[in-house]
Amino acid sequence: MESGNQRVTCIKCKVLPSDIKIRQANFCKSCFQLNFITKFKSNLARSAAPQTEKRPNLLVAFSGGNSSRALLQLCSDFQTPGSGTKLQQKYNEMLILHLDESAIFEDQDAEKSIMEIIEKYPFKCITKKLEDVFSSSRYSKFVSKTTNSKGLFFSHSLEKETNESPKDLLVKLFEGIKSTTSKEYMLECIKHHLLLEAARENGCEVIAVGNSATRIAVKSILMTSEGRGFSLPFDVGAESTLEEDVYIVRPLRSSLSKEIVYYNNLLGLESVTIPTFSTKANANSKIMSLGYLTENFISGLDLEYSATVPTVTSTVGKLKVNANATTNKKCLICLAPIGDNASTWRKNVTIDSLDNTLKELKDDSSKIDENIKDENLVNVENSLCYSCLSLASDTENDTILPGFVQI
Ligand SMILES: [Zn+2]
Ligand SMILES: [Zn+2]
C-alpha cells in the first residue's frame, strides 16, 4: 500500500473500499444497498396477513420522515412489477396514507412537501386529518373527563360544547393535557385510531409503518418507563395482530435509523421534518418529554455500545402477551387489552393528585355509583389501561375526548 491512508475493504464483496460502517461491519455502497433491501424484503415476506380469500391490500403510512420515506420507496419497488427487483407481488393493491397534523403544528409547508413526494408515486393516496376524530358527521356524542372525590369518570358532553369545530376541539384537547409526555401519548393513540379507520374504510388488511430498529428500541424503553410494558408485544412487535381484521407490519424493524438515512441519501430521497410536541417544548426551553429524553439516552448508549439497539429490539421481539394476565376488556382510549388490576397497581405504586382521591375509593364500584347523582357519569377506572389512566389523570377536568372514546 503506497499511501498511509489505509482504506478498509467491504466485508461482503471484499473488493471495493468501504463507504459505511454498520454495527462493526464495513460495506461498500452497492453491498450496503443489497443488504438493506434484503432485510426489508425478508421482513415483509415473513409478515402474516389476516385470512382473506384474495391477496390483501397494503396501506403504507407516510409521515414524510426519514423512515417512512424509505418505507414508501421500498414498498413501491416491492409492489411495482418490472421495477427490477424481481419480487413476487405479495399484495393486491397498494395505497398511501398520510395523516395531516397541521391542525396542531401549523406547518403548511411541511404538508405541501409531503404531498409533492406522494404525487411522485402511482398509488392512490388517502389523507386524514387529526381533527377527524372530532368529526360530528362521524360521532354523534363525545365524552369529557371528570375527576372528583369519588374517582375518575367520563360523562357525555353538553351539546353546546360540541358545536365547536373539530379543529378547535382538537386544539383544546391538547391544551387540556398537561405534560408533553402525555400529549405525545395522546397523539399516538389518535394516529393509531386513524390508521385503523383508514385501513378499514379502504379495504386494506395490512398497514406498513416505518418503525426502524432505533425507533423500536426507544419506544420499548419509553413504554416500559410509562408502565406500558404489558402491551409492548402489540406496539413494537414484528407485526401487531391486536385487531383481527387489520395487521400492522414493521418491515424496517431490522434497520438502524443511520442505515435508513444513508439509504435515502444514496437514492436521493428527500424527507420532511415534522414538528413534534418535544421539539416545540424544547424551542420554548420547557421541560422535555420522556420520549425525547429516552431518544437521547438510547442514541448516547448506541454510540458507545453499538449492540444496544439490536439487543433491545431482539429482546422485545421475543416478548409474548401472557393470556392469563389479560382481561377480555379493551381500553376505552388506546384499545389495547387491559392488564389485570391496572388501576389497583397504579394506586399502589404511583403518587399524584388523582391517587390521593382514589385512595378514598372503595373497591366495589357499584357503591360509587350510588353516590353519584348524575347518571351520565361513568366510572372508568377499570376500563382504562395503566397508561391511559395516567393520561386521564394528566388531563384537565371537562376536556372533551376524541370521538372514538365512547362509554
Ligand atoms: Zn461490497
Ligand atoms: Zn389504554
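The values are calculated or read from the model by the stated rules, or taken from the named source; none is laboratory data. This structure is a prediction, so every number in the text was calculated from the model and none was measured. Methodologically, a virtual Cβ is constructed for each residue, glycine included, from the backbone with ideal geometry; neighbour enumeration extends over all protein chains shown.
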| said: Yes or no: the range 25-33 includes at least one residue that is at pLDDT below 90, within 16 Å of ligand 1 (Cβ to nearest atom) and outside the structural domain of E175 (by TED's automatic domain parsing). | reply: yes
| remark: When (1) touching a helix residue (DSSP H, G or I) at 6+ places or on another chain (Cβ under 8 Å); (2) over 19 Å from L332 (Cβ atoms) are applied to I114, the one that fails is (1)
| field | In the range 34-56, the residues that are within 16 Å of ligand 1 (Cβ to nearest atom) and β-branched (V, I, T) | value | I37, T38
| field | Test: Y121 is among the hydroxyl-bearing types (S, T, Y), assigned to a loop (DSSP other than H, G, I, E, B), assigned by TED's automatic domain parsing to the domain that holds F78 and in contact (Cβ under 8 Å) with a residue 24 or more places away in the chain | value | yes
| message | Restricting to the range 283-314, give me the number of residues that are closer than 16 Å to M223 by Cβ and modelled with pLDDT under 80. | response | 4
| task | Give E201, E205, E197 a once-over and let me know the one that is surrounded by fewer than 18 Cβ atoms within 10 Å (Cβ to Cβ), under 30 Å from T313 (Cβ atoms) and modelled with pLDDT of 90 or more. | result | E197
